[in-house]
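Engineer: Before anything else, here's the structure in question.
FYI, it's all coordinate maths here, none of it is from the lab. Because the structure is a prediction, the values reported are computed rather than measured. Here Cβ is always computed from backbone atoms with ideal geometry, including for glycine, and neighbour counts include all displayed protein chains.
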């Protein structure tokens, strides 16, 4: 991170020198996107004009939760122009470099085209893919909806901004912990719908077929599917204590990885070689990891963030987002993958990374009920998703 700051300082100095060549006509300092991801970074200023209605709303929504702010064109480095009279036409210009970076027509539906344009804007500026346009399953989130705020609920799937929400289940049963099968329109989750026991179900969203992949005595909870979609980590208490187990995605080949007093919330490293989870060591809750081959667990330091739980690893393998609980307060924290001193990025619980490794979806408690929120980790800008009913929680971003 120190090297990143040195690089950013050098680039900023160079840009300021170049700026003098433009004369006095340009107002305000030149602002460039920082290289790398830095906590507390300022949003990238852009201007936008010509778009109306839901198209303007969708473009701004997507960019805001990826670290952009909206200013007059005289204060922006990047100028976004276009219209949505019929199809969407859009362009992006770097005002200081005096260079057009993007000009394109989008003939599809209004909202999906707006998301696609926003995706292209981010990639043109940063050289990296954005939050994920509505071009596939990675633009989706799954979550739990409890109409009465507590008790029975259903699993829902929506676009990442909360639009086009649809119920995946209609069981009126206790459900929890939806997680995606990478690369497929399928999820795993806990449900009491079968025999009133907490089984783990595999649910194909395209065919609506589902089957139990873990149905043991005691609890079968907290599924997490491996990056290649072939295995599932989960918490089973069939041995007497809730511990981490791994099985094939169809539920066969179950083997136990941990034997600690109380384990929870497993998730996978991007290379599929490690399981990260929350556990207790000497009666203190901590984050840890264990090889999928088994062996000793390795504790991960989260100094200053008490009671860590619900870890999720960023797709680029650099960060762990997790929930920290202090008294009755829950915070979303982020720490480097090797551990260290976490940064509190928002109030909330159950963080789940977007494919861009900088945006999270999480749940926030409001008046004893939950709403979902999409958060840019490095600027701390966020947008709440309109609540469907009662309480919406435990979100998971598609992989």
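Engineer: How much length would be gained if the chain were fully extended between residue 167 and residue 101, taking 0.36 nm per residue of separation minus their Cα-Cα distance, in nm to one decimal?
Structural biologist: Contour length minus Cα-Cα distance gives 19.8 nm.
Engineer: Can you tell me which of 348, 127, 149 moves the most in a GNM of the chain? Springs connect C-alpha atoms under 10 Å apart.
Structural biologist: 127
Engineer: Also, I was wondering about something else. Under 1.5 on a/c is rounded, so check that first for the stretch 244-360, then, if it is not, pick prolate when a/b is larger than b/c and oblate when it is not; a ≥ b ≥ c are the square roots of the alpha carbon gyration tensor eigenvalues.
Structural biologist: Oblate is the answer for the stretch 244-360, as a/c is 1.5 or above yet b/c matches or exceeds a/b.
Engineer: Relative to the longest principal axis of the chain, what angle (0 to 90°, nearest 10) does the C-alpha long axis of helix 2-19 take?
Structural biologist: Once rounded, one gets 20 degrees.
Engineer: A further question follows. Taking the chain as a Gaussian network, where each spring joins two C-alpha atoms under 10 Å apart, which residue of 207, 169, 252 fluctuates the most?
Structural biologist: Residue with maximal mean-square fluctuation among 207, 169, 252: 207.
Engineer: In percent, how large is the relative contact order of the chain, given Cα pairs closer than 8 Å and 6 or more residues apart?
Structural biologist: Reported relative contact order: 12 percent.
Engineer: Could I ask something else about it? Taking the chain as the reference, fit the longest principal axis to its C-alpha atoms, fit the long axis of helix 110-126 to the helix C-alpha atoms, and give the angle between the two in degrees, 0 to 90, nearest 10.
Structural biologist: Between the helix axis and the principal axis of the chain, the angle is about 70 degrees.
Engineer: Can you tell me how the stretch 177-333 classifies by the Cα gyration tensor, rounded, prolate or oblate, using a/c under 1.5 as the rounded cut?
Structural biologist: Because a/c hits 1.5 or more and a/b exceeds b/c, the stretch 177-333 counts as prolate.
Engineer: Tell me whether the stretch 45-108 comes out rounded, prolate or oblate; compute the Cα gyration tensor, take square roots of the eigenvalues as a ≥ b ≥ c, and use a/c under 1.5 as the rounded threshold.
Structural biologist: oblate
Engineer: Turning to a different aspect of this structure: Roughly speaking, what is the centre-to-centre gap between the stretch 151-193 and the stretch 324-399 when only Cα atoms are used, to the nearest Å?
Structural biologist: 18 Å
Engineer: Please give the contour-minus-distance gain from residue 248 to residue 293: 0.36 nm per residue of separation, less the Cα-Cα distance, rounded to one decimal in nm.
Structural biologist: Separation in residues times 0.36 nm, less the Cα-Cα distance, equals 14.8 nm.
Engineer: How much of the DSSP beta bridge set in the chain is antiparallel, as a percent to the nearest 5?
Structural biologist: 90 percent
Engineer: Can you tell me the order of 313-320, 374-381, 118-125 when each peptide is scored by its average per-residue count of other Cβ atoms within 10 angstrom, highest first?
Structural biologist: Output ranking for 313-320, 374-381, 118-125: 374-381, 118-125, 313-320.
Engineer: Let me ask something else. DSSP beta bridges in the stretch 298-388, what fraction antiparallel, as a percent rounded to 5?
Structural biologist: The antiparallel fraction comes to roughly 95 percent.
Engineer: Something else about it: Arrange the peptides 213-223, 98-108, 277-287 so that the one whose residues have, on average, the most other Cβ atoms within 10 Å appears first.
Structural biologist: The most tightly packed comes first, giving 213-223, 277-287, 98-108.
Engineer: Here's something else I'd like to know. Angle check, please: helix 53-64 long axis (alpha carbons) against the longest principal axis of the chain (alpha carbons), in degrees 0 to 90, nearest 10.
Structural biologist: Around 80 degrees separate the two axes.
Engineer: Within the stretch 41-61, what residues put their amide N at less than 11 Å from the label point 7 Å along the Cα-to-Cβ vector of residue 110?
Structural biologist: 52-58
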